[in-house]
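J.: Here it is: the structure, laid out below.
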Amino acid sequence: MLAAAAALTFSAAGAAYAQAQVAEDPAFTAKLRASLDANPELITQAMEAAQNKQRQAEQADMLTRVDPARPALFADDFGPFIGNPNGTVRVVEFVDYACPICKSSNASIESIVSKRDDVRITIAMRNIFGEDSDKLARFALASSLQGKFAETHTALYEAFGDHHQTKPDEAALRGVAKAAGLNYDKVAADMNGPVVNAMLEKQTELANQIGVSGTPFFVTSDAVYPGAAPEEVMNEAFR
């Protein structure tokens, strides 16, 4: 009985239950503490259950915002992509090239793309870190106008995503352009051109609508996945 009460204490209903019991029986607190001392795993189990319930509620809430946006998210012109242009498994990944978690996650994503021919991952920009993020996002989108987005995507992560230790100045961006086979002068001109402006505006609008507050952030045909995960987890999610 006390073990069950101990587990219940860590839920919303359990808090009210425990307060009522303490009011009725002052000795209940001591008994409850003794039960928790004897069964410490109940605390972990109850906290994990509460966290899972919260995550499920957050996922359901986010899906109510994502579902109306899916036609725009999965439109061919929403953004550049990596993978098979005709891939039947469509994924949208919101990224920030200044984000170290995005950088570490990208190795798994590119590994999945290299092993499967059914995946198309649209890369959308989400400015998390300010001016540097905006410049890198614009550079990436502008590279797509030269048909070199996949190469640029990889080169940007190799050069940046290190907690702003490497700044996206002209020298650094020229290095990325060289690695990706870009015409630097053209990409520099296109970064603030109408095509990139329109694409970035649309991506930002949908990110705000969905509630993308961190990167990476993945949207599949039936779910959302905020944050990074091991390759095997993401590979299974991309179905």
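Throughout, read-outs are computed from the coordinates displayed, never taken from laboratory work. Quick caveat, the model's predicted, so the values are computed rather than measured. All Cβ positions, even for glycine, are placed from backbone atoms using ideal geometry, and neighbour counts span all protein chains on display.
J.: Which distance in nm do the two modelled labels at residue 61 and residue 111 give, with both placed 7 Å along the Cα-to-Cβ direction?
T.: With each label placed 7 Å out from Cα toward Cβ, I get 3.3 nm.
J.: Now for a separate question. Using a 7 Å offset from the Cα along the Cα-to-Cβ direction at both residue 45 and residue 84, what is the distance between the two label points in nm, to one decimal?
T.: Once both label points are built, they end up 4.5 nm from each other.
J.: To continue, here is another question. Kindly list the residues of the range 145-168 that lie in the label zone of residue 174, defined by a backbone N under 15 Å from the point 7 Å along the Cα-to-C-beta vector.
T.: 168
J.: Moving to a separate point now. Hey, got the Cα dimensions of the range 74-237 along the principal axes, in Å, largest first?
T.: In descending order, the Cα extents are 40, 29, 29 Å.
J.: Could you give the length gained on full extension between residue 69 and residue 208, defined as 0.36 nm per residue of separation minus the Cα-Cα distance, in nm?
T.: 48.9 nm
J.: Excluding same-chain residues fewer than 8 positions from residue 167, which lysines have a Cα within less than 25 Å of its Cα?
T.: 103, 135, 148, 178, 186
J.: Please give the peptides 183-189, 135-141 ranked by average Cβ packing (other Cβ atoms within 10 Å per residue), highest first, as a rough proxy for protection.
T.: Packing proxy ranking, top to bottom: 135-141, 183-189.
J.: Right, another one. Which order results if 117, 96 are arranged by neighbouring Cβ count within 10 Å, fewest first?
T.: By the 10 Å Cβ count, ascending: 117, 96.
J.: OK, next. Over the range 74-237, what is the relative contact order in whole percent, taking alpha-carbon pairs under 8 Å and six or more residues apart?
T.: RCO, the range 74-237: 32 percent.
J.: How much length, in nm to one decimal, is gained on full extension between residue 77 and residue 223, taken as 0.36 nm per residue of separation minus their Cα-Cα distance?
T.: Length difference between fully extended and current span is 50.4 nm.
J.: Now for a separate question. Mind checking the dipole of the range 74-237: about its Cα centre, +1 per Lys or Arg Cβ, -1 per Asp or Glu Cβ, Debye to the nearest 20?
T.: Approximately 240 debye in magnitude.
J.: Quick one: Kirkwood hydrodynamic radius for the range 145-239, alpha-carbon pairs, angstrom, one decimal?
T.: It works out to 15.7 Å.
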